[in-house]
1. Might you check whether a residue that is under 26 Å from ALA48 (Cβ atoms), without any contact (Cβ under 8 Å) to a residue 40 or more places away in the chain and assigned by TED's automatic domain parsing to the domain that holds PRO102 occurs anywhere in segment 178-188?
2. Please determine whether any residue of segment 74-86 is surrounded by fewer than 19 Cβ atoms within 10 Å (Cβ to Cβ) and more than 30 Å from ASP115 (Cβ to Cβ).
3. If you check VAL54 against the conditions, is it of a type in the set (Val, Ile, Thr), surrounded by fewer than 19 Cβ atoms within 10 Å (Cβ to Cβ) and either assigned to a helix (DSSP H, G or I) or more than 20 Å from the chain's Cα centre (by Cα) (or both)?
4. Which ones in segment 156-183 are farther than 29 Å from LEU76 by Cβ and under 17 Å from the mean Cα position of the chain (by Cα)?
5. Could you say which residue among ALA198, ALA164, ALA193 is under 16 Å from ALA105 (Cα atoms) and free of Cβ contacts under 8 Å to residues at least 12 places away in the same chain?
Amino acid sequence: MAVAATPKAKRAGAAKSKARLEPVRDAERTQQAILAAAEAEFASKGLAGARVDVIAEQAGANKRMMYYYFGSKDDLYLAVLERAYGAMREKERDLNLADLDPLEAIKTLVHFKFDYYVEHQSIISLLAGENLSGATFLKRSRKLRDMQTSLVGVIQRVLAAGEAKGVIRKGLDPLHLYLSISALGYFYFSNAATLSVAFGRQLLSAPERNERRQHCVDVIMSYVTAR
């Protein structure tokens, strides 16, 4: 016959479980702190200019821990890229586009992509740097393609639903639609500094951003809506 654990034994067991979890939580916190610091450093200075000692200091860690968790500076850079893409994909999934009215889903995605660039300027710099390198590091990623394929599949379902209802044009390519939505915002923010000087307008000011945001919506919705 089993003997029921005493309250003291239960407390002791709970304490042991907590003790086992703490190192795991600490490790996760440390890794996330390193990734956040690395994202800021890489976005600001690029891979070549970024310094691992600065990353470690900003993360409240040390270089030994950084190398233990991520292996090398290059591996850390790839982890930062995957984290940036993963965070954006997660937010896109949270939109639940397939559950919305098709036209509303497209409009929601346009709003999201534009606003995401406003709120996450670092991803602009990270993507610019990686494109200059010919996507050297993202080619090594085992996660990226799955992330992108999943999103394109959602857009495909939205387009199919819209076609069935007669509200979205037939034959639209979900990938090219997504590229157009992304490009309308990405180009604006990645070139805002030079364009502001060239045209004498403060393109990053709130009024200009709001006008551009609506312009993006108008362009995409005019393109996808069935006539």
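The values are calculated or read from the model by the stated rules, or taken from the named source; none is laboratory data. Computed from a predicted structure; not experimentally measured. FYI the Cβ positions are ideal-geometry reconstructions off the backbone, even for glycines, and counts take in every protein chain you see.
1. yes
2. The answer is yes; a qualifying residue exists.
3. On the way: of a type in the set (Val, Ile, Thr): yes; surrounded by fewer than 19 Cβ atoms within 10 Å (Cβ to Cβ): yes; either assigned to a helix (DSSP H, G or I) or more than 20 Å from the chain's Cα centre (by Cα) (or both): yes.
Spelling it out, VAL54 is indeed of a type in the set (Val, Ile, Thr), surrounded by fewer than 19 Cβ atoms within 10 Å (Cβ to Cβ) and either assigned to a helix (DSSP H, G or I) or more than 20 Å from the chain's Cα centre (by Cα) (or both).
4. Hit for segment 156-183 is ILE181, nothing else.
5. When all the criteria are applied, what remains is ALA164.
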